[in-house]
1. For label points placed 7 Å from Cα toward Cβ, what is the shortest-first list of nm distances from A:Pro44 to its copies?
2. Please compute the modelled spin-label separation between C:Ala113 and C:Arg21, points set 7 Å along Cα→Cβ, answer in nm with one decimal.
3. Given a Förster distance of 35 angstrom, what is the FRET efficiency for B:Asp61 paired with B:Thr296, based on the Cβ-Cβ distance and rounded to 0.05?
4. What is the average number of partner chain Cβ atoms found within 10 Å of a Cβ in B:121-127?
5. What residue among C:Lys193, C:Lys320, C:Lys229 shows peak mean-square fluctuation when chain C is described by a Gaussian network model with Cα springs under 10 Å?
6. Calculate the mean, over all residues of peptide A:26-35, of how many other protein chain Cβ atoms lie within 10 angstrom of the residue's Cβ.
7. Take peptide C:308-314, look around each residue's Cβ out to 10 angstrom, count Cβ atoms belonging to other protein chains, and average those counts.
8. What translational diffusion coefficient, in µm²/s and rounded to a whole number, does the Stokes-Einstein relation yield for segment A:81-191 at 25 °C and a viscosity of 0.890 mPa s, taking the hydrodynamic radius as the Kirkwood radius over Cα pairs?
Amino acid sequence: MSVLLGELAVQVGAELRGDARLPIDRVGTLSGAGAGAITFLANPQYRAQLALTRASAVVLDRASAAECPVAALISDNPHATYARIATLLHPVAAMPPGVHPSAVVAAGATVDAQAHVGALAFIAAGARIGARASVGPGSIVAEGVHIGADSLVGARVTLCRGVRLGERVIVHPGAVIGADGFGFARDAAGWLKVPQLGGVLIGDDVEIGANTTIDRGAIEDTVIETGAKLDNQIQIGHNVRIGAHTVIAGCTGISGSARIGQRCMIGGAVSIAGHLQICDDAVIAGHSAITHDIRTPDLYIGVLSAEPARLWRRLAGRFKRLDELARRVGRLERAAGGRKESAGEQDRSDE
Amino acid sequence: MSVLLGELAVQVGAELRGDARLPIDRVGTLSGAGAGAITFLANPQYRAQLALTRASAVVLDRASAAECPVAALISDNPHATYARIATLLHPVAAMPPGVHPSAVVAAGATVDAQAHVGALAFIAAGARIGARASVGPGSIVAEGVHIGADSLVGARVTLCRGVRLGERVIVHPGAVIGADGFGFARDAAGWLKVPQLGGVLIGDDVEIGANTTIDRGAIEDTVIETGAKLDNQIQIGHNVRIGAHTVIAGCTGISGSARIGQRCMIGGAVSIAGHLQICDDAVIAGHSAITHDIRTPDLYIGVLSAEPARLWRRLAGRFKRLDELARRVGRLERAAGGRKESAGEQDRSDE
Amino acid sequence: MSVLLGELAVQVGAELRGDARLPIDRVGTLSGAGAGAITFLANPQYRAQLALTRASAVVLDRASAAECPVAALISDNPHATYARIATLLHPVAAMPPGVHPSAVVAAGATVDAQAHVGALAFIAAGARIGARASVGPGSIVAEGVHIGADSLVGARVTLCRGVRLGERVIVHPGAVIGADGFGFARDAAGWLKVPQLGGVLIGDDVEIGANTTIDRGAIEDTVIETGAKLDNQIQIGHNVRIGAHTVIAGCTGISGSARIGQRCMIGGAVSIAGHLQICDDAVIAGHSAITHDIRTPDLYIGVLSAEPARLWRRLAGRFKRLDELARRVGRLERAAGGRKESAGEQDRSDE
């Protein structure tokens, strides 16, 4: 699809600087785009590439516009404006309505006439697939699952018994929603399985990444609220609640019964312990561990970056003797006579 | 199913305090349960909810019974007693015997007449499915796999060539058991694949979570012993042995040839390095790294919890200069004249 | 297959010490092998088992040969020599050419006459399966995917639209290649999806582990270069480039737009932040976090090993007061009169 730059500017509400009649037919990167392509600058790390770009136009903020060697669309939010342009230039083809002949739809399942069911998918009894929704090839939609209108379930997804998806939900391949939570009671003979009787409720506009797992609740439901975005290989334990518009990057694990607030931003490979509460608008850096409630919106970090082995081994050795080091400082202070000015700042164990 | 509270008490061996004729038809949470529901109190964190519960009855220990505003079932192990009650009130419907018409069972596979094979599952030659076992829709059971009686393999599971499952094993959707271990030998031209020739042996009563992966042994078998419970997205490398009744929470990775003892409790997102031995009854906190053998049963922790960024950055900066800090303390000690009392407690590098 | 030891020595170019006419028919472990089996010693940790082995022969280096109680094949690289022998003794049966009758091959897909397509696999329009390539049962090969000659795609793999695999690539079950990257732009109403328009390009001789996910690029391609080896449950974000012959152990996450050099060795459960550059030949220990570029080949470590809880809690408490400890040392130094010799080594905050 080719659009004139001036039309694009109008459609996305950006200010045009340059030739409105430039034809634009695709997006590209700052360094890779050529004539006909539009690109964007949002991450300052890539600013040095701006002067060299050969794109026809660049979406950027006002402060960067002066340095732009080609036509510019000026936006307060270049990334969002770019997203709208990319969606216009590269529309996703809707899946054709209908059930692939190799798919299996059980008696008692309801598939909307405008929905798509891919090859070798299985729709069990009592499942309901909404208007214009799509179930990808090889996916399993178990008994009583509801998929809301316009939702896109990718290939090889598993939606277990009774899981409910809202509208415009996107689920990527390999995700498993509604497997049993990890519930066992210790007993004389070992571990006794605790029946996992709740469901999973996924709100509208949620996106769930590839091979992510979301367990069903033990008694009540696990809930992912409206607009939350979950990356790949995330593990959500039973009874967890993720607040609306919270984003979570890949490989993060959230233990059972944790409650995450709205609009949080949680990095990749984070661990959140069970039964915790994280307030709205908290931001957690990648690879951090959260072992206590978070009550104040802030950026939280819990990661020590790697160092060359020779240095790290010295540091780790020092860390392991940190208690002794503190005691030595306490002895020096006592020997120096009093430490009056700092007596309240240390604990009793420095002796 | 509705049961009188007095009958429930008898069936699970709990002491009844309250009206034996109360009808109970379901379980619920302390805060959410209403009339007809039974709940439990096992985690002291939820004790404050006890006084407000509107359940018909609560399973709890003797110490908490006095505060219970409704009927009580008193148990030394409320969680296990609750699990038994939930199993009684919410029995899982057995899968109907038989092979779904869309499933593919190769010539030379043996499916017990009382076993269930779901839609679009594939059972390869030489596979053997035991009595009352169930293979979920979309699952792949490769050549020579054995599935013991009463085992439940969920949807979209992959059991690779020759994997053997005991009885009453549960495997959740997306799990992959028996893929090649990660074995490569460095060579002039790059990395040479080392054939992965062993199998995977899963004992009775093991449970394996969604999207968990267990690699086949390089030469001998990878072994998960009786009653072990593995949560979602766990990675078990080749040649690992997990002892009986050990439980492992989600996202944990166990590197090749590690041997984990019996009755261990391993938290989520733990990393265990290769070729280690962990003794019986060890407990490892979530997000910890284990880089040495564990020889003594104890609770092991290796995680620093996240802090607000401003504080954490100062701490991380201090950590990176910890070697210098220790040297400064050493100089102060020498200047103060000797440190006779602590000379043996520090290392030579404090200078 | 049985081979005489002398023939094996010739075929793999090893020096024989012992009886050339010993028949060898399989591999085994040092501790488990019996007559007829050949084993190897490469990890010094297992050296004590050498004296007790009952294998017919052992592959080892010259330094260890004197201690070998049985026949020996001497090699500078015992692990690689063992790999070649194991491949000879235990050849993998090629999959039979042809499409399983239950597989679905769309009109417009091209499957080489010598390729294999397993049961219940789906090959979409425009896909191309090369000579002697194999697609496992239950796998989904989407529109326009190319699979190079001699590649082995396991069971239940998902190759999304347009993904291209080179020759001799191995993909293990449950892997998802080409799902959307995690791209959202914050907007007044929440998060706006950024179209993910790039592809994934997998070079020759790459191996990809079970349930690993590799996202498609946002604009250009995500690239895994020749000979790279990825273990299970690895997450590769959009636009990442992994250099040739780099190996990555399980559960590691690499955030979007990171560029990893050639011949790197990255341990398990490592986190690499977005937009970073890692130079060629870097080695990263397991469970480490990388938050800055790595510019010098070296071993990098970033992990503190777990300790018994009582000790760890003291250390973690000391760590959280490290800023105060450093200030106390600064005060002692000033009180001691000057610290002339170390004034340049500490920062201004020690006051």
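1. In nanometres, ordered from closest: 4.9, 4.9.
2. Between C:Arg21 and C:Ala113, the simple spin-label model gives 4.8 nm.
3. 0.70
4. Per-residue shielding by partner chains comes out at 3.
5. Result: C:Lys320 has the largest fluctuation of those listed.
6. For peptide A:26-35, the averaged partner shielding equals 2.
7. 5
8. In µm²/s, the coefficient rounds to 165.
Readers should treat all values here as calculations from the given coordinates under stated rules, not as data from a laboratory. Being a predicted model, the structure only gives us computed values, none of them experimental. Using ideal geometry, Cβ is built from the backbone for each residue, glycine included, and neighbour counts are taken over all protein chains shown.
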